[in-house]
Amino acid sequence: MTGEYSCAIDAKGRVAIPVRFRAELSNVIYVCKGVGKSLFVYSETSWREIEGKLAAMPVSRARQLQLTLFPSAARYDLDAQGRVLLPQKLREYADLTKDAVILGVGGRAEIWSEPVWRQYEAAELSPEKMLEAMDELGY
């Protein structure tokens, strides 16, 4: 998944997943707390892969990851309009009130409050940091 899409959180706390992402995610998604006050959105297949990786780890290594990821996660079915109802707790975590941005970041999508994303973008995605990232990739 790639791209950036602006959207609104409606009065009921629903957000519409962009049409371009729905084909990759399908109608069943998993949403959990992400990094940097974002929410991570996974397809059911990707979520099962994460579960499998954690199940294969020794408990001593997996426990903290499980406690970080699973309590905030939930399975959701998109409605006929491709919307998902985000629980209040997740909306509060990500400061989602009205305007949101949904980003495609490879194997997952991320939902950000638009003001929080714009602040992060300005601070962390400078031309210099983009150059560093490109250097790391060997470009």
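The values are calculated or read from the model by the stated rules, or taken from the named source; none is laboratory data. These figures come from a predicted structure and were not determined experimentally. Neighbour counts run over all protein chains shown; Cβ positions are idealised from the backbone, glycine included.
For region 11-61, how many residues are surrounded by fewer than 17 Cβ atoms within 10 Å (Cβ to Cβ) and within 11 Å of the chain's Cα centre (by Cα)?
Looking only at that region, the number is 3.
Considering only region 73-98, state which residues are at negative phi and in contact with a Phe, Trp or Tyr (Cβ under 9 Å, 6 or more places away or on another chain). Spell out how you get there, then give the answer.
Taking region 73-98 as the starting set, the residues that turn out to be at negative phi are 73-81, 83-94, 96-98.
Residues satisfying the conditions are 73, 74, 75, 76, 84, 85, 86, 94, 96.
Just for region 97-133: of the residues that are over 19 Å from residue 41 (Cα atoms) and among the hydrophobic types (A, V, I, L, M, F, W, C), which one is modelled with the highest pLDDT?
Ranking the candidates gives 122 first.
Checking residue 45 against (1) in a helix (DSSP H, G or I); (2) closer than 19 Å to residue 4 by Cα; (3) β-branched (Val, Ile, Thr), which test does it fail?
Only one criterion in (1) in a helix (DSSP H, G or I); (2) closer than 19 Å to residue 4 by Cα; (3) β-branched (Val, Ile, Thr) is unmet by residue 45, namely (2).
Taking residue 61 and the conditions (1) closer than 24 Å to residue 7 by Cβ; (2) outside any strand (DSSP E or B), which numbered condition does it fall short on, given that it satisfies the others?
For residue 61, the exception is condition (1).
Restricting to region 11-38, give me the number of residues that are assigned to a loop (DSSP other than H, G, I, E, B) and either in contact with a Leu (Cβ under 7 Å, 6 or more places away or on another chain) or in contact (Cβ under 8 Å) with a residue 60 or more places away in the chain (or both).
Result for region 11-38: 9.
Inspect region 98-121 for any residue being of a type in the set (A, V, I, L, M, F, W, C), in contact (Cβ under 8 Å) with a residue 24 or more places away in the chain and surrounded by fewer than 17 Cβ atoms within 10 Å (Cβ to Cβ) and give the result as yes or no.
Checked against the condition, which is being of a type in the set (A, V, I, L, M, F, W, C), in contact (Cβ under 8 Å) with a residue 24 or more places away in the chain and surrounded by fewer than 17 Cβ atoms within 10 Å (Cβ to Cβ), region 98-121 yields at least one hit.
Can you name the residue in region 125-139 that is outside any helix (DSSP H, G or I) and not hydrophobic (A, V, I, L, M, F, W, C) and is also surrounded by the fewest Cβ atoms within 10 Å (Cβ to Cβ) among such residues?
138
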